[in-house]
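Before any comments, here is the structure.
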């Protein structure tokens, strides 16, 4: 398994909806809203490194998501 | 219990040791080395802000840690 930490900027009015949608994604282990430079933090796990791109695309496609910063386990 | 994401910037060559120390701390649910703006990322579960503050302070004092940034779960 490859662990991932995704830091997400979302439209302020959509943060709650973004968190709800992320909670439904199978790869997402923990997700919570936050303040500061980012709006949502998601800890995810994927089987193989090749799946990271697919996960990032899926998260970026969620309505209200503006920007993501992804940190992949070495 | 609320969660926090603690991102740690380390001196070159020290992340593995820093990660080992962090994983040994109470409240740390997961942690791993990463590339990019930070070197180590940890997920922390905490009972109170004071406890979180003590954890972050302890992490900041680990040999090799340059700086930290903590994102705390907020209630919507």
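At-a-glance table
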| read-out | value |
| --- | --- |
| Search result, residues across the stretch B:22-57 that are surrounded by fewer than 18 Cβ atoms within 10 Å (Cβ to Cβ) and over 15 Å from residue B:4 (Cα atoms) | B:24, B:35, B:36, B:37 |
| Residues within the stretch A:15-31 that are more than 12 Å from every other protein chain (Cβ to nearest Cβ) and either outside any helix (DSSP H, G or I) or within 18 Å of residue B:2 (Cβ to Cβ) (or both), tallied | 7 |
| Among residues of the stretch B:58-76, those that are free of Cβ contacts under 8 Å to residues at least 40 places away in the same chain and surrounded by 13 or more Cβ atoms within 10 Å (Cβ to Cβ), counted | 3 |
| Enumeration of residues in the stretch A:32-74 that are loosely packed, with under 12 Cβ neighbours inside 10 Å and either under 11 Å from the mean Cα position of the chain (by Cα) or in a strand (DSSP E or B) (or both) | A:57, A:61, A:67 |
| Test: residue in the stretch A:4-14 that is modelled with pLDDT under 95 and surrounded by 17 or more Cβ atoms within 10 Å (Cβ to Cβ) | yes |
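The values are calculated or read from the model by the stated rules, or taken from the named source; none is laboratory data. Computed from a prediction, not measured in an experiment: that's the story for all the values here. All Cβ positions, glycine included, derive from the backbone under ideal geometry; neighbour counts span all protein chains shown.
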